[in-house]
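Here is the structure we will look at.
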Amino acid sequence: MDIVRFYLYVALLSSSVISLDCVGQNSSELFIKNNEYNFSDSLLPYVKFKDNVQIFTHGKIIDGSGKSILEDQTLIIENGLIKEFGSSNDIKLLDLSADEAGGVEVVNLRGKTIIPGIIGMHNHLHIPQFPNLGEVAAKLYLASGVTTIQTCGATDSDAELLLSEQIKSGQKLGPEIIPSAPFITGEGGNPNMIIPKDEQHLRDTMLYWIDRGIKWFKVYRNINPKDLKTVIDLAHDHGGKVRGHMCSLTFEQASNLGIDGIEHGLNSASDFRTDKDYGICNGGREYMDELVINSSEVVNLQKTMIKNHVFLTSTLAIFESSIPNRSYANKESLISMSPYLKSQYEARRNDFNDEIKDSTRNQRFKRIMEFEYQFFKMGGLLCSGVDAGRHILPGFGDQRNFILHRETGFTTEEAIQIMTANGAKALGRTDIGSIQIGKRADFIILDGDLQDNPNVINKVETVFKNGIGYDPKKILNSIKGGFGRE
Ligand SMILES: [Zn+2]
């Protein structure tokens, strides 16, 4: 790493001279100015960069917009925001006073890639069997480059709210958390979720969480049509959003009722199910084996979703984990898993070996990918999330999604867009999701060329959130064997 002191840079492109005002005048100001993005001393061991101004040169930038990769870029951040970026040829750094105090660290990123912080749109703080793994999950997310999550349903909304506040105030490590109310389902659904007794009960419950500051609601497979309408209308009246893991209602019905987001792609579409009854979660998935993705019935459904501004969230990594010949945990995940989760994984792997030739699941997986590709290409808002479970861990599963989006046929730029800017758009956020002047300095430095090698997504060197750079290795070291203990 080259460390040079500068206090002025000249943007030749605009022929203007821009001074990094506070720098070089009073170095003690630097830290104070970062107060807005405060963090407690307990987080200091994980912090790599905390200066008010930081300059990165000669990196490749994938900005999240889906546009072509930008080569040899200089990126300057200040006060937690992206102040400037452009070609390293156009932004010249002038060493006007190398000895003066208050200099700025300049980091050479040749051979490395910068992408926006990942926005995980189906990123729970729990997994099956473990209702609250919030703190460890939050660390895993951050260490993997996920800087914002919408949890898409909570098993413990109080815990989510608390952790989200603790992270915001710098007491705990993690991404920005946009919490969810408890899942809402219907008759016959999971008894741990809210099953509305009547409309008043449903409204009372939702208003309770809205009062607590939660705006995101998740409906689950057994929701009945009348309740879904109530949930959508009440949430929208209060500036909230509704997402659904559908089954009882089809994607088309939910879209026409005004749902905001639909989860898991084709796998949870009951639109094409055989023997399905209205408002009931029944019927089989055999339809998937015959379904032609570019047929008019599928295209028309996707048109309906797009017309109603429904975003679709892809959760490929968790689907892949149930396909025998593809179901392998990566090394980092195994290191982070508790002995119990590891033994479960090993037992599952042993069972899988006997049915390794399962081609049905492989083919269905391909169809799920085709459905997402077509939705995106038709102009649909496709997002991405991990939906952690089995050996798919928070964060590592988000990284796996990138590889799977590439396998789907998306370019590197499109895959990053799906995982970053599209999430921001679905969240209605303009301050995050892409590398753009004025946006929050949430980005990841990857140690390698992501375009040449998709596996570079796993090589997170530094994660910036609000302009503070965290060290993934140190975060991961603090949780060895810790995911899946309570
Ligand atoms: Zn989920």
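The values are calculated or read from the model by the stated rules, or taken from the named source; none is laboratory data. If you're wondering where the values come from, they're calculated on a predicted model, not measured in any experiment. FYI the Cβ positions are ideal-geometry reconstructions off the backbone, even for glycines, and counts take in every protein chain you see.
Could you figure out which of (1) touching a residue at least 60 places away in the same chain (Cβ under 8 Å); (2) within 16 Å of the ligand (Cβ to nearest atom); (3) hydroxyl-bearing (Ser, Thr, Tyr) isn't true of residue 180?
Among (1) touching a residue at least 60 places away in the same chain (Cβ under 8 Å); (2) within 16 Å of the ligand (Cβ to nearest atom); (3) hydroxyl-bearing (Ser, Thr, Tyr), the lone unmet condition for residue 180 is (1).
Evaluate the following for residue 321: is it closer than 26 Å to residue 151 by Cα, more than 16 Å from the ligand (Cβ to nearest atom) and among the polar types (S, T, N, Q)?
In short, no.
If you check 282, 256, which single one turns out to be modelled with pLDDT of 95 or more and more than 26 Å from the chain's Cα centre (by Cα)?
Criteria check complete, one pass: 256.
Does the stretch 228-249 hold any residues that are more than 16 Å from the ligand (Cβ to nearest atom), without any contact (Cβ under 8 Å) to a residue 40 or more places away in the chain and not in a helix (DSSP H, G or I), and which are they?
Across the stretch 228-249, the qualifying residues are 238, 239, 240, 249.
Residues of the stretch 359-402 being within 18 Å of residue 266 (Cβ to Cβ), assigned to a strand (DSSP E or B) and not polar (S, T, N, Q), which ones?
Residues satisfying the conditions are 382, 383.
Evaluate the following for residue 191: is it in contact (Cβ under 8 Å) with a residue 24 or more places away in the chain, more than 16 Å from the ligand (Cβ to nearest atom) and not acidic (Asp, Glu)?
No, not satisfied.
Matching residues to (1) closer than 21 Å to residue 427 by Cβ; (2) among the charged types (D, E, K, R):
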{"site": "199", "(1), (2)": "no, yes"}
{"site": "214", "(1), (2)": "yes, no"}
{"site": "224", "(1), (2)": "no, no"}
{"site": "250", "(1), (2)": "no, no"}
{"site": "269", "(1), (2)": "no, no"}
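Among the residues of the stretch 161-178, is there at least one that is under 19 Å from residue 232 (Cα atoms) and modelled with pLDDT of 95 or more?
yes
I'd like the full set of residues that are out of contact with any helix residue (DSSP H, G or I) (no Cβ under 8 Å at 6 or more places or on another chain), within 16 Å of the ligand (Cβ to nearest atom) and not in a strand (DSSP E or B), limited to the stretch 194-222.
The answer is 220, 222.
Of all residues in the stretch 142-166, which are assigned to a helix (DSSP H, G or I) and within 15 Å of the ligand (Cβ to nearest atom)?
157, 160
One line per residue, one yes/no per condition, for (1) out of contact with any Pro (no Cβ under 6 Å at 6 or more places or on another chain); (2) charged (D, E, K, R); (3) modelled with pLDDT of 95 or more:
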{"position": "193", "(1), (2), (3)": "yes, no, yes"}
{"position": "199", "(1), (2), (3)": "yes, yes, yes"}
{"position": "212", "(1), (2), (3)": "yes, yes, yes"}
{"position": "218", "(1), (2), (3)": "yes, yes, yes"}
{"position": "223", "(1), (2), (3)": "yes, no, yes"}
{"position": "227", "(1), (2), (3)": "no, yes, yes"}
{"position": "236", "(1), (2), (3)": "yes, no, yes"}
{"position": "244", "(1), (2), (3)": "yes, no, yes"}
{"position": "247", "(1), (2), (3)": "yes, no, yes"}
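Of a type in the set (Asp, Glu), within 16 Å of the ligand (Cβ to nearest atom) and under 30 Å from residue 212 (Cα atoms): does that describe residue 260?
yes
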